[in-house]
Amino acid sequence: LSAEPVYQMYCPMKKSNWLSSEKAVKNPYYGSAMLTCGNVVETIK
């Protein structure tokens, strides 16, 4: 287990969540066209 936080992200276009180790949004669903679309919905510590 890591002491670093994990961020739960949400993409409104895909209506899906993903987990990231970085706070910066890097949307995995639409490639470079929508790379920054989304927001942090929860920080898991």
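The values are calculated or read from the model by the stated rules, or taken from the named source; none is laboratory data. For clarity, every value in this text was computed on a predicted model and none was experimentally measured. Note that each Cβ is placed from the backbone with ideal geometry, even for glycine, and that neighbours are counted across all protein chains shown.
Of the set (1) loosely packed, with under 15 Cβ neighbours inside 10 Å; (2) modelled with pLDDT of 95 or more; (3) of a type outside the set (Asp, Glu), all apply to LEU1 but (2). Filtered by the rule that a residue be over 9 Å from the mean Cα position of the chain (by Cα) and β-branched (Val, Ile, Thr), the stretch 1-35 gives a lone residue, VAL6.
Do we find a residue being without any contact (Cβ under 8 Å) to a residue 24 or more places away in the chain, acidic (Asp, Glu) and out of contact with any Cys (no Cβ under 7 Å at 6 or more places or on another chain) anywhere in the stretch 24-44? No, the stretch 24-44 contains no residue that is without any contact (Cβ under 8 Å) to a residue 24 or more places away in the chain, acidic (Asp, Glu) and out of contact with any Cys (no Cβ under 7 Å at 6 or more places or on another chain). TYR29 meets the stated requirement of being touching a Lys or Arg at 6+ places or on another chain (Cβ under 7 Å), surrounded by 13 or more Cβ atoms within 10 Å (Cβ to Cβ) and either at pLDDT 95 or above or outside any strand (DSSP E or B) (or both).
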